Amino acid sequence: MWLSSTAKQALHAVVCIAGSADDGPVRVDDIAAVMDCPRNYLSKTLHILARAGVLRSVRGPKGGFRLSMSPDRLSLARVIAPFEPVAERRCLVGRATCSDARPCAAHERWAGVADRVNEFFTGTTIAMLLKDNPRATEEARAVIRSVRRHSNPRLSHGSVA
């Protein structure tokens, strides 16, 4: 399974949000700074995830996005589902119709690999990714905290919030 850029962006954003859960809702600007991506495009992606039940949108000055469920219950397949057909196996050579009844030349070899890729997405949770790479999570949290400090002058003068 090859992921679209939007699905990759969604996955990255959800990992950032999950890794920063202790700091409250995460704003679009904060995530865009971590990911170095356009805010408007990211905002659309996050709202799609909210409509799909992956995220919750919190309004107000301390608003932003939170996970709608525990990261240990949130599979990668659930995150990318609004952007990618999760269980659908794509033909490796790009045929429109490729099935056991009408296989392409790569069908037999690709079927097992595609099934394992699908198992990875359905069996891997956001919590597993956070656990596997705590350093990346801390780096994202540091960027988010820095962006918040610089966007709120009160915080940059020694106040704690």
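The values are calculated or read from the model by the stated rules, or taken from the named source; none is laboratory data. All values derive from a computational prediction rather than experimental measurement. As a convention, Cβ positions derive from the backbone with ideal geometry for all residues, glycine included, and neighbour counts pool all protein chains shown.
Name the single residue that is modelled with the highest pLDDT among those in the stretch 121-143 being exposed (fewer than 13 other Cβ atoms within 10 Å of the Cβ) and among the small types (G, A, S).
Applying the filter and picking the extreme gives G123.
Report the residue count in the stretch 46-70 for those that are basic (K, R) and either outside any loop (DSSP other than H, G, I, E, B) or buried (at least 16 other Cβ atoms within 10 Å of the Cβ) (or both).
3
Taking S43 and the conditions (1) at pLDDT below 90; (2) touching a helix residue (DSSP H, G or I) at 6+ places or on another chain (Cβ under 8 Å); (3) part of a helix (DSSP H, G or I), which numbered condition does it fall short on, given that it satisfies the others?
Condition not satisfied by S43: (1).
Filter the stretch 78-99 down to the residues that are over 15 Å from A50 (Cα atoms) and either touching a residue at least 24 places away in the same chain (Cβ under 8 Å) or crowded, with 19+ Cβ neighbours inside 10 Å (or both), then identify the one that is nearest to the chain's Cα centre (by Cα).
E84
Please identify the pairs in which a residue from the stretch 43-59 that is closer than 17 Å to R78 by Cβ and touching a residue at least 40 places away in the same chain (Cβ under 8 Å) has its Cβ atom under 6 Å from the Cβ atom of a residue that is surrounded by 15 or more Cβ atoms within 10 Å (Cβ to Cβ) and not small (G, A, S), counting only partners at least 6 apart or on another chain.
Between residues of the stretch 43-59 that are closer than 17 Å to R78 by Cβ and touching a residue at least 40 places away in the same chain (Cβ under 8 Å) and residues that are surrounded by 15 or more Cβ atoms within 10 Å (Cβ to Cβ) and not small (G, A, S), the close pairs are V54/V79; L55/L49; L55/F65.
Kindly provide the set of residues from the stretch 1-40 that are in a loop (DSSP other than H, G, I, E, B), surrounded by 15 or more Cβ atoms within 10 Å (Cβ to Cβ) and among the charged types (D, E, K, R), ordered by number.
Result: R27, single match.
For the condition closer than 14 Å to S20 by Cα and modelled with pLDDT of 90 or more, what is the one hit in S146, S75, S70?
Only one candidate passes the filter, namely S70.
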